[in-house]
1. Taking the criterion of being within 24 Å of residue 3 (Cα to Cα), in contact (Cβ under 8 Å) with a residue 40 or more places away in the chain, in a helix (DSSP H, G or I) and more than 18 Å from the chain's Cα centre (by Cα), would at least one residue in segment 80-99 satisfy it?
2. Within segment 128-164, track down each residue that is outside any helix (DSSP H, G or I) and either surrounded by fewer than 13 Cβ atoms within 10 Å (Cβ to Cβ) or out of contact with any strand residue (DSSP E or B) (no Cβ under 7 Å at 6 or more places or on another chain) (or both).
3. What tally of residues in segment 22-42 results from selecting those that are surrounded by 19 or more Cβ atoms within 10 Å (Cβ to Cβ) and either free of Cβ contacts under 8 Å to residues at least 60 places away in the same chain or out of contact with any strand residue (DSSP E or B) (no Cβ under 9 Å at 6 or more places or on another chain) (or both)?
4. Given (1) out of contact with any helix residue (DSSP H, G or I) (no Cβ under 8 Å at 6 or more places or on another chain); (2) in a loop (DSSP other than H, G, I, E, B), where does residue 110 come up short, assuming only one miss?
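Coordinate-derived values only; no laboratory data. All values derive from a computational prediction rather than experimental measurement. With ideal geometry, Cβ positions are generated from the backbone for all residues, glycine too; neighbour counts draw on all protein chains shown.
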């Protein structure tokens, strides 16, 4: 992959991750823990950010413990079926996201050297299983992360009238 593409991908993907870190760290701890919708959205965002960076996905081993549950067995306010094993602090979650940020940087830097383009993110062979090229799963991951960052921002805006800053590029939050 040409450097302009991998550099651009990193600047935007890194910005999306920076915004996730920012919203988690800007959240008052009592709101983070007491507002289950916010907590579960933040956890969901963090775990799937990491998961979509794992090649092959069966090697996924999250930094913070999560359990897969059946849809009817999930707590109120949860998102998806991966449920945290305990209540994490916002700093624990932000640190986990930072680990994933480094993981994404390494993966994207590998593209600069022309490595890994043949890799695929393949979950299985069922109809709903994901089977994406490496560039496509990275873009999908960026979109997924930014989608949930927007949801987290709106919760803080509605509940506390807090405005979160925008990141134009990785490392540039204003």
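1. No, every residue in segment 80-99 fails to be within 24 Å of residue 3 (Cα to Cα), in contact (Cβ under 8 Å) with a residue 40 or more places away in the chain, in a helix (DSSP H, G or I) and more than 18 Å from the chain's Cα centre (by Cα).
2. Selection gives 128, 129, 131, 161, 162, 163, 164.
3. 10
4. Condition not satisfied by residue 110: (2).
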